[in-house]
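The structure appears right after this line, and notes come after that.
The values are calculated or read from the model by the stated rules, or taken from the named source; none is laboratory data. Remember, predicted model here, so these are calculated numbers, not experimental data. A quick note on method: Cβ atoms are made from the backbone with ideal geometry, for glycine too, and the neighbour counts reach across all protein chains shown. These accessible areas exclude ligands, DNA and RNA; they are computed on the full protein's heavy atoms, side chains included. Shrake-Rupley method; radii C 1.70, N 1.55, O 1.52, S 1.80 Å.
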Amino acid sequence: MREFNADEFFKEIDEKQQEVNEQAYKLFRGDQRKARVRPRDEDEQRCLDIICREKWLRAISEGKVRYINDRELDYFVD
């Protein structure tokens, strides 16, 4: 039976991790960002909507949004 040493196993993983990640990025990702394939489920979309709305309301309260007229506005990003 083969012996297994967990410390050596994890040490080997740590040593090879960067090299393997670089190879995986080159193979699967290429030069472009991967497009999203699956649609978001309802809970995920609802959470993202809430986060976006809270960020918008915080930007308004901090004065980062300036209304030019009814249809135009400036949004100052740090």
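Counting only DSSP H runs of at least 4 residues, each contributing -39500 (n - 2.57), and dividing by the residue count of the chain, the helix-based mean residue ellipticity at 222 nm comes to -17000 deg cm²/dmol.
Counting only heavy atoms of the protein chains, get the accessible area per residue of the chain (1.4 Å probe) and round it to a whole Å² value.
Numbers: 8430 Å² over 78 residues.
With all protein chains present, the chain gives 108 Å² per residue.
Using a 1.4 Å probe on the protein heavy atoms, what percent of the accessible area of region 6-75 belongs to carbon and sulfur? About 50 percent, which is the carbon plus sulfur part of the accessible surface. For the chain, the longest principal axis of the C-alpha atoms and the axis of helix 42-61 are separated by about 50°.
Of Tyr75, Tyr25, the residue with the largest accessible area leads and the full order is Tyr25, Tyr75 (1.4 Å probe). Residues of region 42-64 with an amide N closer than 16 Å to a point placed 7 Å from the Cα of Asp74 along the Cα-to-Cβ direction: 60, 62-64. The lysine pair count for region 6-75, using Cα distances under 28 Å and pairs eight or more places apart or on different chains, is 6.
Site pair Asn21 and Ala35 shows an inter-label distance of 2.8 nm when each label is modelled 7 Å from Cα along Cα→Cβ.
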